[in-house]
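The values are calculated or read from the model by the stated rules, or taken from the named source; none is laboratory data. All of these numbers come straight from a predicted model, not from anything done at the bench. No Cβ is skipped: glycine too gets one built from the backbone with ideal geometry, and neighbour counts run over all protein chains shown. Surface areas here come from the heavy atoms of the whole protein model, side chains and all, with no ligands, DNA or RNA. Shrake-Rupley method; radii C 1.70, N 1.55, O 1.52, S 1.80 Å.
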Amino acid sequence: MTNRIITDEKAELILDGKTYHLPVIMGTEGEKAIDIKSLRAQTGYITMDSGFMNTGACCSSITFLDGEEGVLSYRGYGIEELAENCTFVEVSYLLDNGCLPSQEQLSNFSQMLGKYAMIHEDMIRFFDGFPPNSPPMAILSSMVNSLCSFYPDMLDNPLENIDKMAARLLSKVRTIAAFSYKKSMGQPLVYPRHDLSYCANFLNMMFDSPVKPYEVDDTVVKALNKLLILHGDHEQNCSTSTVRVVGSARVNLYASISAGINALWGPLHGGANQAVMEMLDKIHMEGGNFKKYIERAKDPNDPFRLVGFGHRVYKTHDPRARIIKKACEDVLNALNVKDPLLDIARELEAVALSDEYFIERNLYPNVDFYSGIIYRAIGIPTNMFTVMFALGRLPGWIAHWKEMWDDPDWRISRPRQIYVGHKRRPFVPIERRTGCV
Ligand code: SDX
């Protein structure tokens, strides 16, 4: 249930000489919105807001962002404290259940994740059907959607089984990601183990091999937990909104999440972490001259954007980017890894943040700017970086899908539009047509 507050305030609207008053609602952190649900019925008008820059789709109790102050919290807990003190499994429980788990709740949840870690052996054969260089995000969304076929019982009464479905997804997506990597490398699959934690299990499935057993490094496990936590949720971002829109038609959880995976794939969204590394790699290969990329990013006639910079909501530092940048330095020092891309990223950030173009537009490094450097230090290939984003974002997507089912204001998502095409015109038989010009 959401805790919106109906204020005494009214928004006054004067249209065609008539005055209308629309209710104002307020959230627990003081955010205010004009409730326009009766606008069209009262005035015949709709609003227009491309990209939904100013439009709230719902009230939510999951995540709070303050873009001006650079604040991010999950269920009221600051991201900095969660990233420092929790595991990803703990934060997944928090996002999906609304409270930090007790020790008993956490161990029960961990056991469920262990129980559901395997994927059906018939699913493994799907990997053989994908061409060798299939994009990992295409594989991931297909495999997640196929869970509808392997667990059809879950589709009939979703909310009754939501905890089982959530644990199944969180655990199997990790296995699917690791298996798709092993398949792409032509290496034997490494199955999940009950004696390893969530992140240690993933790393072991990714990097263990019959000829060289993988040694789980606590620094790497801690860094991966932190990265996944930082990607856990981010209110109504593009992919989460997609999960909500698809789920609003009463689509099951697996298919809704599969749609979210595809939205995240975009280079303007979750695909940016991979694009950042490709950009930094290119700068490195060209001798480190990043200034031309800054000039290209500023050129209104050049479609190039400085990936990893800018954000729809944050108009100051993305708090996640600050934490990841620090974790970058810690992990690379602990692993004794020297990555020239980190030096290039630091210098590029410093120069951009002192450039009027970026300052005027409040463009700062976002969550994607440094994350790839850690993934690379861990040994994760660049084309799997967005898969890692999806792994982290999964508990957030699940939490929003669940919240929507409980929302008393829930409607199927169906925006309006303003038609700007041809006015009505007479039909032309094909023999008299001259064709489209
Ligand atoms: C994520 O929404 C979320 O919460 C997303 C996310 C999450 O956790 O789910 O935080 C994850 O998607 C992070 C963003 C990853 N994407 C990138 O790093 C791609 C590069 N960034 C940009 O494409 C852009 O900043 C967006 C897409 C992130 C935001 O776009 P907006 O809000 O629509 O901003 P805009 O396009 O209106 O830009 C405003 C101005 C424009 O200049 P003017 O027309 O005013 O002259 O800023 C410029 C833009 O050209 N601008 C950039 C820029 N980002 C914005 N110019 C150069 N480089 C950039 N990166």
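Structure above, values below:
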| item | result |
| --- | --- |
| Wholly enclosed helices (runs of 4 or more DSSP H) of region 148-262 bearing at least 1 residues of a type in the set (Ser, Thr, Tyr) | 162-185, 198-207, 218-230, 238-247 |
| Considering residues of region 300-311 that are more than 6 Å from the ligand (Cβ to nearest atom) and open to solvent by less than 60 Å² (accessible area, probe 1.4 Å) only, the residue nearest to the chain's Cα centre (by Cα) | 304 |
| Evaluation of residue 155 against (1) open to solvent by less than 20 Å² (accessible area, probe 1.4 Å); (2) modelled with pLDDT under 95 (one fails), failing number | (1) |
| Qualifying residue in region 267-281 (condition: over 26 Å from the mean Cα position of the chain (by Cα), part of a loop (DSSP other than H, G, I, E, B) and more than 7 Å from the ligand (Cβ to nearest atom)) | no |
| Region 259-289: number of residues that are under 23 Å from residue 361 (Cβ atoms) and buried (at least 22 other Cβ atoms within 10 Å of the Cβ) | 6 |
| Pick from region 44-95, criterion over 24 Å from residue 407 (Cα atoms) and within 13 Å of the ligand (Cβ to nearest atom), ranking: modelled with the highest pLDDT | 79 |
| Test: residue in region 130-144 that is farther than 20 Å from residue 260 by Cβ, surrounded by 12 or more Cβ atoms within 10 Å (Cβ to Cβ) and among the aromatic types (Phe, Trp, Tyr) | yes |
| Among the candidates 65, 94, 72, residue that is assigned to a helix (DSSP H, G or I), in contact (Cβ under 8 Å) with a residue 12 or more places away in the chain, within 23 Å of the chain's Cα centre (by Cα) and buried (at least 16 other Cβ atoms within 10 Å of the Cβ) | 94 |
| Of residues in region 187-241 being within 16 Å of the ligand (Cβ to nearest atom) and surrounded by fewer than 21 Cβ atoms within 10 Å (Cβ to Cβ), the one farthest from residue 50 (Cα to Cα) | 235 |
| Failed criterion for residue 247 (all others in (1) crowded, with 24+ Cβ neighbours inside 10 Å; (2) closer than 23 Å to residue 320 by Cα hold) | (2) |
| Residue in region 5-21 that is over 26 Å from residue 402 (Cβ atoms), small (Gly, Ala, Ser), open to solvent by 60 Å² or more (accessible area, probe 1.4 Å) and assigned to a loop (DSSP other than H, G, I, E, B) present | yes |
| Residues within region 402-437 that are β-branched (Val, Ile, Thr), open to solvent by 100 Å² or more (accessible area, probe 1.4 Å) and more than 19 Å from residue 55 (Cα to Cα), tallied | 4 |
| Any hit, region 350-369, residues being open to solvent by less than 20 Å² (accessible area, probe 1.4 Å), of a type in the set (D, E, K, R) and touching a residue at least 40 places away in the same chain (Cβ under 8 Å) | yes |
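Yes/no per residue for (1) closer than 30 Å to residue 94 by Cα; (2) touching an Asp or Glu at 6+ places or on another chain (Cβ under 6 Å):
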{"residue": "5", "(1), (2)": "yes, no"}
{"residue": "23", "(1), (2)": "no, yes"}
{"residue": "31", "(1), (2)": "yes, no"}
{"residue": "36", "(1), (2)": "no, no"}
{"residue": "39", "(1), (2)": "no, no"}
{"residue": "48", "(1), (2)": "no, no"}
{"residue": "70", "(1), (2)": "yes, no"}
{"residue": "75", "(1), (2)": "yes, no"}
